[in-house]
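Taking it in order: structure first as structure tokens, then the write-up.
Where a number appears in this text, it was derived from the coordinates with a stated rule and is not lab data. If you're wondering where the values come from, they're calculated on a predicted model, not measured in any experiment. Positions of Cβ are backbone-derived with ideal geometry, glycine not excepted, and every protein chain shown enters the neighbour counts.
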Amino acid sequence: MAIMRSVNPTTGEELATFEHDSDDVVEQKLAAASAAVPQLKAAGWARRAELMNAAADLLEADLEQVAAMITDEMGKPIAQSRGEVTKSVYAMRYYAENAEAFLSGRTLDDPSAVGATRAGTRFDPLGVVLAVMPWNYPIWQVVRFAAPALMAGNAGVLKHASNVPQAAVYLGRLFTRAGFPEGSFSTLLIGAGRVEGVIRDPRVSAVTLTGSEPAGRSVASIAGDVLKKVVLELGGSDPFIVMPSADLDAAAEMAVKARTTNNGQACINAKRFIVHTDAYAGFSEKFAQKMAQLRIGDPQDESTDIGPLATSSGRNDIVELVDDAREKGASIIVGGSFDDSADGWFYPPTVIAGITPEMRLFEEEAFGPVASLYEAASLEDALAIANSLDFGLGSAFWSSDEAEIDHAIKTIESGAVFVNGMTISYPELPFGGIKRSGYGRELSAEGIREFCNLKTVWVA
């Protein structure tokens, strides 16, 4: 029987092991999910909200335990792990309160215009939705799917990343503990090679994936073959543009947070810092100084700013990207090397300038605390650099000039533009990307509607 291992990236210590689900167990979980759908639909809004609030209460009560588990399993600094759990609790309560209004549909004021006595739309759940989720936000990524899906009346099955099995098992039990019908939400402990069979199962109605571009292509291809709805949130190489009129101290402070949150392992981390010539010297100096001052260490220590990367392969990828840039002439301003004899998969905050198109770092996503600096001759040059890649998830634009801000908002090709701030997800706002960063939306009203049938209703 295949095994999933939970390994502490700070020490390399094995924390726990879990056997993969057998085919019979997967069958039982899918059957239970399918059976739960009519029960969830029949429960109604008030009862589903009651159950969702109960699940939020359980997660909130488990906050310290779950936060410590996240940090042990994937290396996030403990304060950020607590923040992840707290945000997840908030999202659950947010959907408990707002789902009914988001899915109320509409009624034509004058149905006679279409020859009816009553006409409009309604939203119905699709059924069982498979969620293929990543390790970098092991609770939040799942909850931001599960809360709206369950509140809409769907059931969910989770295929979590193989390196966070403790989080996967915890989430697989959470909603049943809260009183949801058995099978409403469960975890499939399976490897990537078995996902296709689950997508093709006729009881599964739709799929959502957050992960790499190759994983997204694979899932979209399989789902397309069987004509099932898919939402994809894939990689990003988000631009962080700084203009001369910006508050450079505030921009540099936020730039550090935008690049290094979650140890730099988030699709929406700012990765390319595009700075106008007139602001370049001032910003780059402040930014590099602040990156160099970050404290690297045990993520369970409250004072730690940067913990380890989640996997050894992830660190190897970062090493290769940085070494490739260095060998091809880039300037390493801060960081760029580490002690490979030390325990844990640490990599220091790194700032690189002089990136050119022949370097891998120019086009590839750096999933770690590595920032690329670009100098732009003008606003149009900065926007052209920002839009030059085929990614389009988030973006940040720093300026105090309203005309520049309006132009940037209209011009930047991404799923989000944050002005004088950093890209972040909020339950109140839709989240997702364009181009190779995926399609569809999570969160807000738009997110809960993704896995519903928008049904037209016409009554003679």
**Message:** For segment 238-426, what are Rg and Dmax over the alpha carbons, in angstrom?
**Reply:** 15.7, 52
**Prompt:** Quick one: if the Förster radius is 51 Å, what FRET efficiency do Val114 and Ile385 give, using the C-beta to C-beta distance and rounding to 0.05?
**Reply:** 0.55
**Complete:** Normalised Cα Rg of segment 8-116, dividing by 2.2 N^0.38 Å with N its residue count, works out at 1.59
**Prompt:** Based on the mean of other beta carbon atoms within 10 Å per residue, what is the order of 411-421, 271-281, most packed first?
**Reply:** 271-281, 411-421
**Asked** What percent does the relative contact order of segment 238-426 come to when contacts are Cα pairs within less than 8 Å and at least six residues apart?
**Response** 30
**Request:** Scan the chain and note any complete DSSP helix (H) whose C-alpha atoms cover at least 30 Å along its axis and whose Kyte-Doolittle average is -1.0 or more.
**Result:** 23-61, 78-102
**Message:** Based only on other Cβ atoms within 10 Å, what is the fewest-to-most ordering of Trp458, Trp140?
**Reply:** Trp458, Trp140
**Spatial separation of Cα centroids for segment 142-163 and segment 106-129, in angstrom** = 27
**Complete:** Rounded to the nearest Å, the spacing of the alpha-carbon centers of segment 199-249 and segment 285-363 is 25
**Complete:** Once normalised by the length of the chain, the mean sequence separation of its alpha carbon contacts under 8 Å that are 6 or more apart gives a contact order in percent of 19
**Length-normalised contact order of segment 208-311 in % [C-alpha pairs under 8 Å, at least 6 apart]** = 24
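At 222 nm, what helix-only mean residue ellipticity would the chain give, in deg cm²/dmol to the nearest 500, using -39500 (n - 2.57) for each DSSP H run of four or more? Could you put the intermediate results ahead of the total?
Numbers: 14 runs with 194 residues, N = 460.
Computed mean residue ellipticity for the chain: -13500 deg cm²/dmol.
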**Request:** Return the percentage of antiparallel bridges among DSSP beta bridges fully within segment 238-426, rounded to the nearest 5 %.
**Result:** 15
**Complete:** If every Lys and Arg gets +1 and every Asp and Glu gets -1 at its Cβ, then about the Cα centre the chain yields a dipole, in debye to the nearest 20, of 1660
**Asked** Given the alpha-carbon gyration tensor of the chain, what are the semi-axes of its equivalent ellipsoid in whole angstrom, ordered largest first, with each equal to the square root of 5 times an eigenvalue?
**Response** 38, 28, 19
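Express as a percent, rounded to the nearest 5, the fraction of DSSP beta bridges in the chain (both residues included) that run antiparallel.
40
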